[in-house]
Amino acid sequence: MNTQDNYRFQVNLSGMINILSNHLYSNPKVYLRELMQNAVDAITARKALDSQFEGRITAELTGSEDHITLIIEDNGVGLQEEEVHQFLAMIGQSSKGGGQDFLTRETSFIGRFGIGLLSCFMVSDEIVMLTQSASGGPSLEWRGKPDGTYSIRKLDISLSPGTKVFLRCKPGSEPYFEAENLKKWLYYYGALLPYPIRLQTELADTLINPAQPIWIAHPELARGERAEVLQWGEQLLGEKFRDYIPLTTASGRTGGIAYILPQAVNLNAKKTHRVYLKHMLVSEKAENILPDWAFFVKCLVWTDELQPTASREHFYENERLEEVRTELGDAIRSELMRMAEYDPDRLKLIIGQHALSMKALAAEDTHFLGIIHRWLPFESTYGQKELGELLREGQKIYYTLTLDEYRQITHVAAAQSLLVVNGGYIYDAELLALLPQVVTDADTERLLPEDVSLSFTDLSPEERRQYYEATAIADAALQRFRCQVQLKHFRPEELPALYTLSKESADFRSLEAAKEVSTDVLGSVLGSLGTTYRNAAYSTLYFNLDNPLVSRVFNAGNQAMLQQAVEMLYVNALMMGHYPMSRQELGLMNQSIVRFIDWGLSNNNQSGGSEQ
């Protein structure tokens, strides 16, 4: 019969404390945040006993040089001896939760892991705590060391309810005990705390956090406090802003201010926001608090419903966070739509600066598109204009799918007075396709380069007879490039030729281009794929008989010159259309240049240099 032996994991307590205190957090200064969070939680627990209780937190700096000591004191609920053993000596057992589900259960407290106090070992070799429970019992002294040992002593005197934590600066940690740094960091972490925070030194007694403005509790009131809201934004986020949007969720448990960034930002720019949990700063790099399209704002967010990670520098990606993210996005969307109705000039300024973000949101929400479409800017053959201006032209709006397509046809389309929008930028083609759904009189249609040729004028029967042979020679010259030639009349006359290709021909060119830079094996596979396109993959080069150069070439009656000119105009049309050229086409361009040079020199020699 098989036997089974069971064992318990062995934990190196001092090693674990070292890992938690020195490697969990991103910066030693977070020890101050952890102490403040413990103080806030203690005050919250006491307010649960007495709703009229007024909490306070004091940081006192004493001693000098090798004996600098920081004392953090709160007048919260304090601890009894049993609680000290349970909550300060058991990692993973928070004083604010308890039970197996303490990580996920919602509480009124910030801390929930029971490891925050250990961060103090990053700056001190000993933690001394004096505490007096508001529920009675003796005053206690607790001393903890980084080797995992601690002691408890009952004091002979009775202290006021609350807790004092004493930290003596260890060598190398002096910057974390300097008065100016403490003042800055106390404000950094506790600017939104509803309790007064004071910093006391031998020279001064300073109130750190100002009284909370009313719009912290009621963000919708921020609309009427513009100067104050912008000042808070600059003070807390370090940037000057010119506009903002109040944020609030339906439950009112998450609120904030979304500041409009003063400069346009890239779609891929890192989007970080400052988030306060129960009024304490937990992260200034929260990336997942807003929808992806809201990359034109930087936010101050305060919440009491999200769940922080163990380091308390990020939030768990859970269902609650998804709901909050959606509601904050809805708040931004609603405010923009409110501006469209009551303050359109203000919205126009925002769209002008952050058009890409507005287009991203409009592509996601057709109702929003219907509200703001008139101010969205687009590049068109009528210039850079707002969509409302283009709609007022009363024409069908054609759009391309790519920037290259737009470049290929823009001159011809403009000459034909076609209204064509460059749909090659992100969201533009998508928005133009959606436009008829939200604007009843809008008529949009995708335009392919070959569609432009439908507006070209055919040759007359007499012209067809006149240029039949020349057209056949030109067509034969380009057969090896799977390109057919057509002679037409079209505007602008300055354009000698227009190269267009069908989807099959475009796919075939892409395969051929890939084949040129592939290994033999892969090239063979691509070659096999290309055979399926070969019969249908013909492009077209339209020559403009209204162009003086084309007219001269086709009327010269010089077959050799015609062939060379056609080849030269072919590569010129490829370059004008921003088409990548194959090796064969690059070779053709070089050969054509050399032939024209030789031809010119030969004619010059024959004329004795008299011809120019």
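A few points about this structure:
- Each part reduced to its alpha carbon centroid, region 39-60 and region 407-465 end up 69 Å apart.
- Heavy atoms of HIS218 accessible to a 1.4 Å probe, total area in Å² rounded to 10: 80 Å²
- Stretched out straight at 0.36 nm per residue, the stretch from GLU341 to GLU463 would grow longer than its current Cα-Cα span by 38.0 nm.
- In the context of the full set of protein chains, residues of region 214-347 present 43 Å² of accessible surface per residue (probe radius 1.4 Å, heavy atoms only).
- Of [x] 41.9; [y] 34.1; [z] 47.8, the label for mean projected area of the Cα convex hull in nm² derived from the coordinates: [z]
- Length-normalised contact order for the chain - Cα pairs under 8 Å, 6+ apart - percent: 7 percent
- Theoretical ellipticity at 222 nm over the chain - DSSP helices of four or more residues, -39500 (n - 2.57) apiece, nearest 500: -12500 deg cm²/dmol
- For the chain, with all protein chains in place and a probe radius of 1.4 Å, 50% of the accessible heavy-atom surface sits on carbon or sulfur.
- Computed E for ILE71/GLN263 - FRET, C-beta separation, R0 45 angstrom, nearest 0.05: 0.55
- 12 Å beta-carbon shell around TYR468, net charge (K/R +1, D/E -1): -2
- The simple spin-label model puts a point 7 Å past each Cα toward its Cβ; for GLU178 and GLN86 those points are separated by 4.3 nm.
- Cα gyration tensor, region 214-347 - rounded (a/c under 1.5), prolate or oblate: rounded
- With a Förster radius of 25 Å applied to the C-beta separation of LYS348 and GLU322, the computed FRET efficiency comes to 0.20.
- In this Cβ point-charge picture (+1 for Lys and Arg, -1 for Asp and Glu), the chain has a dipole of about 400 debye about its Cα centre.
- Note: relative contact order over region 214-347, using C-alpha pairs below 8 Å and six or more positions apart, is 21 percent.
The values are calculated or read from the model by the stated rules, or taken from the named source; none is laboratory data. Everything numeric in this text was worked out from a predicted model, so none of it was measured. So basically every Cβ, Gly included, is an ideal-geometry build from the backbone, and we count neighbours across all protein chains shown. The area values use the complete protein model at the heavy-atom level, side chains included, leaving out ligands, DNA and RNA. Shrake-Rupley method; radii C 1.70, N 1.55, O 1.52, S 1.80 Å.
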